[in-house]
1. Does any residue of segment 100-108 turn out to be touching a Leu at 6+ places or on another chain (Cβ under 9 Å) and over 19 Å from LYS210 (Cα atoms)?
2. Output the qualifying pairs, or none if there are none: Cβ atoms under 7 angstrom, residues six or more apart or on different chains, first residue in segment 131-151 and within 15 Å of LEU189 (Cβ to Cβ), second residue within 15 Å of the ligand (Cβ to nearest atom) and basic (Lys, Arg).
3. Being buried (at least 22 other Cβ atoms within 10 Å of the Cβ), within 16 Å of the ligand (Cβ to nearest atom) and charged (D, E, K, R) is the filter here, so list the residues in segment 1-50 that pass it.
4. When the residues of segment 117-126 are narrowed to those that are within 15 Å of the chain's Cα centre (by Cα) and without any contact (Cβ under 8 Å) to a residue 60 or more places away in the chain, which ends up surrounded by the most Cβ atoms within 10 Å (Cβ to Cβ)?
5. Quickly run through segment 189-212 and pick out the residues that are under 13 Å from MET105 (Cβ atoms) and among the acidic types (Asp, Glu).
6. Pick from segment 34-51 the residues that are more than 15 Å from the chain's Cα centre (by Cα) and hydrophobic (A, V, I, L, M, F, W, C): which of them is nearest to THR11 (Cα to Cα)?
7. When you check CYS139 against the structure, is it at pLDDT 95 or above, over 16 Å from the mean Cα position of the chain (by Cα), away from the ligand (no atom under 11 Å from the Cβ) and buried (at least 19 other Cβ atoms within 10 Å of the Cβ), yes or no?
8. Do we have ALA59 as more than 14 Å from the ligand (Cβ to nearest atom), closer than 13 Å to ASN10 by Cα and at pLDDT 95 or above here?
Amino acid sequence: MAHIRIINPNTTASMTAAIYRAANDYAAVGTEVSACQPASGPVSIESHFDEAVSAVGVAQEVLKGEREGNIDAYVVACFGDPGLLAARELTRAPVVGIAEAAFHMATLVSTRFSIVTTLGRTGIIAEHLLEQYGFRHHCRRIRAAEIPVLDLEHHPEVAYRRIVEECCRARDEDGIGAIVLGCGGMANLTQEISREVGLPVIEGVTAGLKLAESLVGLGLYTSKHGDLDYPRAKPFTGQFADFSNL
Ligand SMILES: NC(=O)NC1=NC(=O)NC1=O
C-alpha cells in the first residue's frame, strides 16, 4: 500500500480535483492517492513570479504531509516543478515533479519529443528545466497553445482544439515521435489527444504518479547525503516563523 500525495501548486480547487481524478484513474491497486493545494498563492502559475510564490506553498504542503506522517511520495503537479528541490530537502519520501516525470517517460518511447504548453511566456521555464534535467537535446521544440491555464477549465472545448492543433503541427513539422503536454491542467486529455494526433502523448501528472509508485515500490527515498539533506535548523521570522527549526 502506498499513499501518494499530489500537490497542485496553484490554489484552484477545481483543478486540484481534476488532477486528482486523472491520477486516481491510473493508480495501481493498493495505491492511495490524495491531493491538495496551498491555502494561499496564485490561482494559476504562468510566470516566474507565480512560480516563486507557489514554491512556498509547495513547501508548506510537504511539511503538512510530513506532520501527517503517512505519505509515501509526493508529486508536484505544475509543469514548472516549482519548489521541487526545496521540497526534496524536507522529506525522505520521493518527490516527483510533473515536468521531470514527463521528460523521462517521453524519452522511453521516443528519441525526440516536443512540448505543447499553455502560454508561450511559460516556455522559458520548460527550457530551463530541460537544461537542468539533461533533456535539452531530446526536445525538438517548445510550443504553446496560447491559452491561459484556467481556460482549460473555463473554455475546455476551445482549449482542447488549440492544444490538438499545436500537437498536429508538432507531429508534422518537428521530426518527433512523442508529445509532452505542458500543464497539470491537461492531465485528463492525454488519451483523447493521443488518439486524435496518432502519437504517444505524455503528461506529467499520470507520469509522475506512476514514477512515484515505482520509486516507493523499489524502496527508494530522497537521499539525505549531500544537498538534499534536511535544511539546517534556524529561526525564520515573520510569516515564515513556522519554518523555524524544522
Ligand atoms: N505551463 C503551465 O501551464 N504550468 C502550470 N500552471 C499551473 O497553474 N499549473 C501548471 O501545470
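The values are calculated or read from the model by the stated rules, or taken from the named source; none is laboratory data. Note that the coordinates shown come from a computational prediction; the quantities given were computed from them, not determined experimentally. FYI the Cβ positions are ideal-geometry reconstructions off the backbone, even for glycines, and counts take in every protein chain you see.
1. Scanning segment 100-108 turns up no residue that is touching a Leu at 6+ places or on another chain (Cβ under 9 Å) and over 19 Å from LYS210 (Cα atoms).
2. Final answer for the pair search is ALA145/ARG162; ILE147/ARG162.
3. ASP50
4. ALA126
5. Selection gives GLU203 alone.
6. VAL43
7. Considered against the rule, which asks whether it is at pLDDT 95 or above, over 16 Å from the mean Cα position of the chain (by Cα), away from the ligand (no atom under 11 Å from the Cβ) and buried (at least 19 other Cβ atoms within 10 Å of the Cβ), CYS139 comes out as yes.
8. Against the criterion (more than 14 Å from the ligand (Cβ to nearest atom), closer than 13 Å to ASN10 by Cα and at pLDDT 95 or above), ALA59 qualifies.
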